[in-house]
Amino acid sequence: MPDTELDEFAGEIIAGLTGNPAFTTPEVPIADLEAAQTAFEEAMTAMAQGGTQATATKNNARGALVALLRTEASYVQLKGNNDLPTMLSSGFLVNNTNTAQSPLDTRTSSV
């Protein structure tokens with residue numbers, strides 16, 4: 001996911017979890033997510049000026065934000081109890097893990 005999309009995604013998660021009655025005790029406090037997002041945004045801005053140090057700082061901030069989001073995703077999955085509307089209310093996307101195969105319709109020949 002590109003940096004700008006990650007930043008937007010993090011914002012959606014923060015908005016979705018803030019005051020959400022289904023997720024009252026997030027694994028990662030909202031303030032920590034906000035701080036990590038702000039650090040990432042600041043690092044992206046600094047990186048626009050160029051330089052390997054700025055790039056390394058941005059990459060570290062990105063890694064920290066992704067790690068917090070992954071922790072929060074596990075919390076949402078656990079507390080969401082497989083209830084799709086509840087999990088979606090967090091701002092996270094939900095993947096369908098159903099890999100069951102269904103039979104194809106039988107074709108009939110009209111020869």
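Things to note:
- The packing ranking of peptides 76-85, 55-64, 35-44, highest mean first, is 35-44, 55-64, 76-85, where packing means the average number of other beta carbon atoms within 10 angstrom of each residue.
- A54/A15 FRET efficiency (R0 35 Å; Cβ-Cβ; nearest 0.05): 0.80
- Dipole axis of segment 1-45 (+1 Lys, Arg; -1 Asp, Glu on Cβ), positive-most option in A31, P2, P21: P21
- Helix axis angle, 30-47 relative to the chain longest principal axis, alpha carbon, degrees: 70 degrees
- Placing +1 on the Cβ of every Lys and Arg and -1 on the Cβ of every Asp and Glu, with no other charges, gives the chain a dipole of roughly 360 debye about its Cα centre.
- In this label model, T24 and L93 are separated by 3.1 nm, measuring between points 7 Å along each Cα→Cβ vector.
- Per residue, the convex hull spanned by the Cα atoms of the chain measures out at 162 cubic angstrom.
- The long axis of helix 52-80 is offset from the longest Cα principal axis of the chain by roughly 50 degrees.
Where a number appears in this text, it was derived from the coordinates with a stated rule and is not lab data. Predicted, not measured: the structure shown is a model, and the values here were computed from it. Positions of Cβ are generated from backbone atoms using ideal geometry, with glycine treated the same way; all protein chains shown enter the neighbour counts.
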